[in-house]
Structures are given as C-alpha cells and as structure tokens.
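The values are calculated or read from the model by the stated rules, or taken from the named source; none is laboratory data. Remember, predicted model here, so these are calculated numbers, not experimental data. Don't worry about glycine lacking a Cβ; one is built from the backbone with ideal geometry, like all the others, and counts go over all protein chains shown.
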Amino acid sequence: MLDTRISRRAALMGAGAIAAWLHSPARALMSQAAIVEVPSFIDALIAKMTLAEKAGQLSLMASAWGGSTVINPASGSNANFEQQVEEVRKGMLTGVFNGSGTHMCRIMQTAAMKDSRLKIPLIFAADIIHGHRTIFPVPVGEAASFEPALAQKTAAGASYEAAAAGIDWTFAPMVDISRDQRWGRTMEGAGEDVHLGNLFAAARVKGFQGASLKAIDTMMACAKHFAAYGAAEAGLDYNTVDVSERTLREVYFPPFQSAFDAGALSAMSSFNEISGVPSNGNEWLMRTVLRDEWKYQGFVVSDYTGDMEMIDHGFAADAREATKIAFMAGVDMSMTSGFYRDHLPDLVEKGEVPMARVDESVRKVLAIKAKLGLFEDPFRRIDEKREAARSRTKTTLALSREMAKKSIVLLKNEGDVLPLRKGGQKIAIIGPFAAGQHDLNGPWCVYGDNKLAIDLETGVRNALGKSAQITVVQGSQVEAPLPGGIEAAVAAARDADVVLLAIGESERMSGEAQSRSSITVPAPQQALAEAVAATGKPVIVVLKNGRALAFEGAVKNAPAILVTWFLGSESGNAIADVLFGDYSPSGRLPMSFPREPGQQPYYYSHKPTGRPNPSDDKLEEYKTHYRSIPNSALYPFGHGLTYGKIEYSGLTPDKGNLAWDGEIAFTATITNRGTRTAEEVVQLYIRDRAASITRPVREMKAFRKITLAPGASETVRFVLKRPQLEFIGRDLKPTVEPGLFDVWIAPSAQAQGVHSTFTLTA
C-alpha cells in the first residue's frame, strides 16, 4: 500500500536533507541504486543470440495497441498490433511504450515468454510525466512548491498506479534547465535555477524508483534530455543549441548528475544539436562525459526517431549511416525509427561496428531488465486486479490536492482582496477556464482523463456549499472571440461583488512542439480582461499556464493574480482552498516572469555587464537596459506572497571569514506581522564579487520553508562550505578562489531581504 503521508517537519526539512546529500562526499560516487550488476546468466544468454536478436534488444517501439500515435507521429512498426506481437515472437523488440494497460501487456509478454526463441522478457515503458490515472500538477508547478520531498511523494504515487498497469519504465523526469519561456517544454521541468533543478531531479528519481526496482510499485526513471535541450535558440523546439562547455557544465549538466547519483539507470538523448553535432551522434556527450567521466552504468535511449532525424540535420546521409553514427556515439537503444533493427546486423557483418560494442549495449539492457526483476517474474507488474484497485485511490487524490495547493503562487494581492469570504458576496467566474472538464490535467498526460478532474466552478461550489452565489460566463474562447461573450461577461461582472477571471493557456499551448513567439495572454482573452476590468469590480486573475507569461493591461493591473499552472485531478478544489483561505499560498516562482516578451531568454542568475544600469528607478544613457523598461523581471524567480505579512531582519554571520576547509553560518529573523498563519520560503543567495571567470549577479545556494503563526518569529540558519562556492574555471574543471562574497537571505532573487558579506580565505 502506498503511504503518501508526510509530516510537516519532513516536508519542511526535505529540501535541506536532499541538499545536504547533494553536497556530501557520497555524491561523488554513484549510489548503490545506480550500480548495475550483471548476473552470470546474461553473458551466456548473449552468446546464444543472433545478430538480429541483439538488434531487437536495442529496438524500442511505440505500442501498436493504441495511445502513442496521438502523442507523436506514427513511425515504424506501430500500426498493427498483431504484426507487433509477431515481431515479439521473432525477438525483434526489446519492448514497447505508451500502450494501454495490463491486458495488452499480458498478451505481449505471453508471446515473448511462450513463443520467442530465447524467452527474453519485454520491458513496458510510458510517458508518466506527472501522474498515471491520478494526475498531479505539471512538473514546473510542483517545482513551485519548493518542496522536493513532496515531489518525491507524487512520483511515488505515480509509480504506485503506473506499475500496477504493467509499466516498468517511465520517460521522466525531464531535468532540462529552461531559461526561455517561449519553449513549450518548460512545463516539464523545474524551471530556470540549477540548485532547484538538482533537488527536484533527485527527488523525482527517488520517488519513481523507491527502495528497489524489483518492487511491484516502482518503475525505472529516465533522465532527459541529454543535453541542453532547454537552451534551444529562440525557444523554438528541436532547434539548434550553441553553448560553451563551461555553460554545459555549470548549468545544463548538474541536474543530470543529480538524477544519476540518485539512481537513474536510463537516460534519453535530446533532439537538438550542440555546436554542430546532434546529441544522438555526439560521442563526447555519450561516451567521454557520461560514461568515462561520470562512470554512468545505465543505458541511453534515443528520443522519438532521434537517430532518424540526424538525416534532416544534415549529419547523416541515410538510415544506415545514421544507425552507425548514433550507435558508435553511445546511444544504446533506438526508439521507434527501427533503424537499429534494420541496419545494425549488416553494419556488424561488414565490420563497421564491432560486435563487442553491440554486446556491451545488449548486456546493459539485459542487466537492467534483471534489476527490474523481469527475468525472475516477467509478469510481476501485470495484474489486472491490482491495476483496478490502485487507480485513483483516495490516498493518491488527496496527495494530488496537497501538491496542487502548494504549487499555486500568489503574485499580487493589492488591498488584501484575497482570501475571499465564504458567503455574503456574489462571485462571477469568467473566462474560458471558468468551468468545464477540459484543460485541467495539462500537457504530457497520456492516461489521465479531464472528465474525472475538478474544474474551477466545481471547486468553488464545493467550498461554498449551499451559500454559493455564483454566475459562470465563458466570455471568450482560448484563442478566438466568442460571439456575445464579452457582453455577457460584462453583465455578470456588474452584478457581482468580485470576479474570478480564469484565463491563460490551453493544454495545447504548452508542452512539446508548442513554442510561442509571444508569451502574452491571447488577444481574445486580453480583450475580455479589459472589458471586465472596466466595470470597476475587483478582479482576481486565476492564471492557467505552463510557462512564465508577460502581462499586459488589465491582466497586469488586476489587484490579485494567482498562478495555478495545470494542477491535475484536484485542480478546482486546490484553487478554492487558496481562494477562500483554507490554505495560505506558499508556492514560489521557479522561473522569472518578464516585464515584456522581448526580454526572453531571461533568468535571474545572469552575468553582469561592464555597464550595469544602477537602478530600476532610473534608466541611464549608455548603460545596459532596454529603451523603455528595466532589465529586471516583473516577478522574479522565488517570488510569491502569503496571507501573512512577512518581514526579514538581522542577518548575522557567525564569523567574517570562511576558512578553506571550514564552514560559515548565517542567521536571519523571519517574522509574520499578519493575522494569518503563513508558510515562507526563505532563500539564500550569494555573489562572488571578483573571480577569474565572471560570476552571476546572484546564485541561490539554499532555501528553507518555514511555518509562522500570526506574530511569530523564527531564526533561520544556513551553513555554507567551500564546495558550494565552486564554479567551472578556465581549465573547465570545478574551482573556487579566495575572495569577497555577498550573501542575501531574501524572499526572491531580486528582493534585498537582508544582506551581508564574507571572505573565503585560502
């Protein structure tokens, strides 16, 4: 039975525990979970295999049963289920992904174990990105909770359901750092910050995989996309990436290292090229860094037709050459293209690919199947009764609601318009997301059903009960006007005491292949917002989004703004919890919301220029700024309000210097001057004043989430050690240099909070 209970103390200390682990000596070694032992029978089995059977173990196909073709274009042998089962009998497949339930799995696994020559079990994979039947918030929403320990719980909840449906392997977590909000896959990761990305990468791997990969309620994680997929030029999906090795090592590599250190045994290559070399053909990435330097023991699978796409990249002339390039670069398994199955045997026979290389990759795949317990019991996760019993339980739905309400970020609350009273006022819920079971689960949700999720209207009615005085008006479509919609919305607003304006992005506006050239609210919804605001009634923007957005006009000027992402199964109930004060919002932005779309890419930990503009209040000629706006974010990373009144005071270091092998502690007092209990995310940032490589204006190194009763204060203590100050030096190795450092304990990356300095001494 899944235990999703988490104590307040455990939740609040979880980030600290994971952070301590990330900086411990043990992190330098692969964890026990990441060690892949090769059982003695594996080599004997490989010796019996034909070249075609070996290529089959390195070929993963989309399921022909159904489910996958609505997510990705059909390709390869995924059109006919009977044909695919026959391929299983012939040993041509290692497994399939995004199939449909235990019935399908049983048919295919039976064919493998009864009718194939060598009786090698199949592996069943799926995109379990943020839940299976119970849907949790999209990953960037979970990151907004700043509670990696709770994200570990939701990942475990997803495994609990998915493994019961026959799934052995999930294509998650996505650990790409994303700093350009035009990129649609922003919603799949943890945002812009490396430290936060590291913590959530580790937490989600641990949640998916549990204590043992042989357990019937765990599945193998897959860290993706290796590497730097989130750095696609212009935020355009699948586009070119051109970054320095230093940037790779400082920004884009660390979350992968954290995922592998946490035990992830599979990695997925990225679609993009890096400096002219597609990731699927990049031997430096796949062998020099991943295997030689990091000692990674798992296998690498291409993303969907990633090897095939090297032809369109202009990197391979044809399918045969693409196969050779990808395999020799270190991509062990081909997804969907069928290239390895079709061309690898001939490449070996012609002496262009060494048999030893093939055996090496097959050995990894089979050893991991053994680690998953598939050779002991190929049907261990295939149980129809268990599948039904574990779907959408009270426990997992309660966990979904818990994470959903903690993912909500209160950006603005002028005049304390929130929380709303439970009675005695008329509420107009206006907008394309006001009601209806659509766009609730969010993108990359293969098995969830929006018709089972709670919409905003239902959540509000559940909170208010019979006292509800609610009018619901759609007002506009997501990206098109609605005839008579604005007129009806204005009438409803005039008759109400307060307006909940439910606007933002649909599910199809975020996610893979959903790049946006402008990250504003769509024009028809903006027009709706202007008309409703003109009534003079208080407007609370309830924003649905999978990325940071740039606000304009009435949306920007609304007295209250709630960022609600895509919250999953319990969306409406969780939003209502916050709206009516049953829960004080505690989420914080995992990405910066810019002032205007033209600021993209934007991230708080940017480098200083030689001509910094001294202040947002005054834009000085010949200093670094745009013609009309400051360089800062409108709402920076880490920002989020509570229903309390939080004050920071008294930053005190325990000494002035940090010895080379010592530590230094910083304390600050956090006080709630408000009348409501609140949770505050206390963040610690540093700046290295002068170094041999220029350093960012701020870098988050730690945070703590604390709970403060009205009038209460708490002294928060952070400890820094030299390894936390390291950067990638001129020799592309981690280094740190003596010198002066700034330190802030603050509520966001731009807030002053309280400030001090210290000196690192040699």
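In the condition set (1) under 18 Å from PHE146 (Cα atoms); (2) part of a loop (DSSP other than H, G, I, E, B); (3) of a type in the set (Phe, Trp, Tyr), TRP660 is compliant with all but (1).
When residues in the range 158-201 are screened for being among the charged types (D, E, K, R) and within 10 Å of the chain's Cα centre (by Cα), 3 of them pass.
Restricting the search to the range 451-460, which residues are assigned to a helix (DSSP H, G or I) and surrounded by 18 or more Cβ atoms within 10 Å (Cβ to Cβ)?
Of the range 451-460, the ones assigned to a helix (DSSP H, G or I) are 451-452, 456-460.
Of everything in the range 451-460, those that are assigned to a helix (DSSP H, G or I) and surrounded by 18 or more Cβ atoms within 10 Å (Cβ to Cβ) turn out to be LEU456, GLU457, GLY459, VAL460.
Filter the range 228-244 down to the residues that are out of contact with any Phe, Trp or Tyr (no Cβ under 7 Å at 6 or more places or on another chain) and either of a type in the set (A, V, I, L, M, F, W, C) or assigned to a strand (DSSP E or B) (or both), then identify the one that is surrounded by the fewest Cβ atoms within 10 Å (Cβ to Cβ).
In the first step, residues of the range 228-244 are kept if they are out of contact with any Phe, Trp or Tyr (no Cβ under 7 Å at 6 or more places or on another chain); the result is 233-234, 236, 239-244.
The next check asks that each one be either of a type in the set (A, V, I, L, M, F, W, C) or assigned to a strand (DSSP E or B) (or both); those that pass are 234, 236, 241, 243.
Working: ALA234: 13, LEU236: 15, VAL241: 21, VAL243: 15.
The selected residue is ALA234.
Could you tell me which of the residues ALA434, ALA367 is over 19 Å from PRO585 (Cβ atoms) and not assigned by TED's automatic domain parsing to the domain that holds MET187?
Working: ALA367 fails: not assigned by TED's automatic domain parsing to the domain that holds MET187.
Within the list ALA434, ALA367, the selection yields ALA434.
Taking the conditions (1) in contact (Cβ under 8 Å) with a residue 60 or more places away in the chain; (2) under 12 Å from the mean Cα position of the chain (by Cα) in turn, VAL205 satisfies each one other than (1). Taking the criterion of being of a type in the set (A, V, I, L, M) and either over 17 Å from GLN57 (Cα atoms) or without any contact (Cβ under 8 Å) to a residue 24 or more places away in the chain (or both), would at least one residue in the range 118-126 satisfy it? Checked the range 118-126: at least one residue is of a type in the set (A, V, I, L, M) and either over 17 Å from GLN57 (Cα atoms) or without any contact (Cβ under 8 Å) to a residue 24 or more places away in the chain (or both).
Going through the range 652-681 one residue at a time, which ones are surrounded by 19 or more Cβ atoms within 10 Å (Cβ to Cβ) and hydrophobic (A, V, I, L, M, F, W, C)? Passing the criteria: LEU658, ILE664, PHE666, ALA668, ILE670, ALA678, VAL681.
Output the helices (runs of 4 or more DSSP H) that fall wholly within the range 330-415 and possess 1 or more residues being free of Cβ contacts under 8 Å to residues at least 12 places away in the same chain and farther than 24 Å from SER100 by Cα, or say none.
On the way: elements: 339-349, 355-371, 384-390, 394-407.
Of the helices (runs of 4 or more DSSP H) lying wholly inside the range 330-415, those with at least 1 residues that are free of Cβ contacts under 8 Å to residues at least 12 places away in the same chain and farther than 24 Å from SER100 by Cα span 355-371.
Okay, residues lined up against (1) surrounded by fewer than 17 Cβ atoms within 10 Å (Cβ to Cβ); (2) assigned by TED's automatic domain parsing to the domain that holds ALA463; (3) over 23 Å from ARG182 (Cβ atoms):
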| site | (1), (2), (3) |
| --- | --- |
| GLU552 | yes, yes, no |
| ASN557 | yes, yes, yes |
| ILE561 | no, yes, no |
| SER569 | no, yes, yes |
| ILE575 | no, yes, yes |
| LEU619 | no, no, yes |
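Among the conditions (1) on the phi < 0 side of the Ramachandran plot; (2) in a loop (DSSP other than H, G, I, E, B), the only one that PHE146 does not satisfy is (1). If the condition is being touching a Ser or Thr at 6+ places or on another chain (Cβ under 9 Å) and of a type in the set (A, V, I, L, M, F, W, C), then the range 446-467 contributes VAL446, LEU452, ALA453, ILE454, LEU456. Taking every residue in the range 661-689 that is under 21 Å from LEU418 (Cβ atoms) and pairing it with any residue that is basic (Lys, Arg) and at pLDDT 95 or above, at least 6 positions away or on another chain, the pairs with Cβ-Cβ distances below 8 Å are ASN672/LYS645; ARG673/LYS645; GLY674/LYS645; GLU679/LYS705; GLU680/LYS705; VAL681/ARG588; VAL681/ARG704; VAL681/LYS705.
Consider ARG704 carefully, then state whether it is of a type in the set (D, E, K, R), at pLDDT 95 or above and part of a strand (DSSP E or B). Yes, satisfied.
Select from the range 448-487 the residues that are free of Cβ contacts under 8 Å to residues at least 40 places away in the same chain and either within 26 Å of the chain's Cα centre (by Cα) or closer than 15 Å to HIS438 by Cβ (or both) and list them in ascending order. ASN450, LYS451, listed by residue number.
Scan the range 538-551 and give yes if some residue there is at pLDDT 95 or above, in contact with a Pro (Cβ under 7 Å, 6 or more places away or on another chain) and aromatic (Phe, Trp, Tyr), otherwise no. The answer is no; no qualifying residue exists.
Kindly indicate the residue of the range 212-227 that is in a loop (DSSP other than H, G, I, E, B) and closer than 22 Å to ALA190 by Cβ and also nearest to the chain's Cα centre (by Cα) among those meeting that condition. If we take residues in the range 212-227 being in a loop (DSSP other than H, G, I, E, B) and closer than 22 Å to ALA190 by Cβ, then ALA221 is nearest to the chain's Cα centre (by Cα). Within the range 737-761, the set of residues being of a type in the set (Gly, Ala, Ser), in a strand (DSSP E or B) and closer than 21 Å to LEU196 by Cβ comprises just one member, ALA746. Out of THR323, THR288, THR247, one residue alone is at pLDDT 95 or above, buried (at least 24 other Cβ atoms within 10 Å of the Cβ) and part of a helix (DSSP H, G or I). It is THR323. Do we find a residue being surrounded by 17 or more Cβ atoms within 10 Å (Cβ to Cβ), more than 26 Å from the chain's Cα centre (by Cα), of a type in the set (Lys, Arg) and modelled with pLDDT of 95 or more anywhere in the range 682-689? Checking the range 682-689: at least one residue is surrounded by 17 or more Cβ atoms within 10 Å (Cβ to Cβ), more than 26 Å from the chain's Cα centre (by Cα), of a type in the set (Lys, Arg) and modelled with pLDDT of 95 or more.
Does LYS426 satisfy being of a type outside the set (A, V, I, L, M, F, W, C) and either surrounded by 15 or more Cβ atoms within 10 Å (Cβ to Cβ) or touching a Ser or Thr at 6+ places or on another chain (Cβ under 9 Å) (or both)? Step through it out loud before you land on a result.
Details: of a type outside the set (A, V, I, L, M, F, W, C): yes; either surrounded by 15 or more Cβ atoms within 10 Å (Cβ to Cβ) or touching a Ser or Thr at 6+ places or on another chain (Cβ under 9 Å) (or both): yes.
The answer is yes for LYS426.
Applying the criterion of being over 20 Å from ALA165 (Cα atoms) and at pLDDT 70 or above to the residues of the range 61-87, the residue that is surrounded by the most Cβ atoms within 10 Å (Cβ to Cβ) is GLU87.
When VAL300 is tested against (1) assigned to a strand (DSSP E or B); (2) without any contact (Cβ under 8 Å) to a residue 60 or more places away in the chain; (3) of a type outside the set (D, E, K, R), just one condition goes unmet, and that condition is (2).
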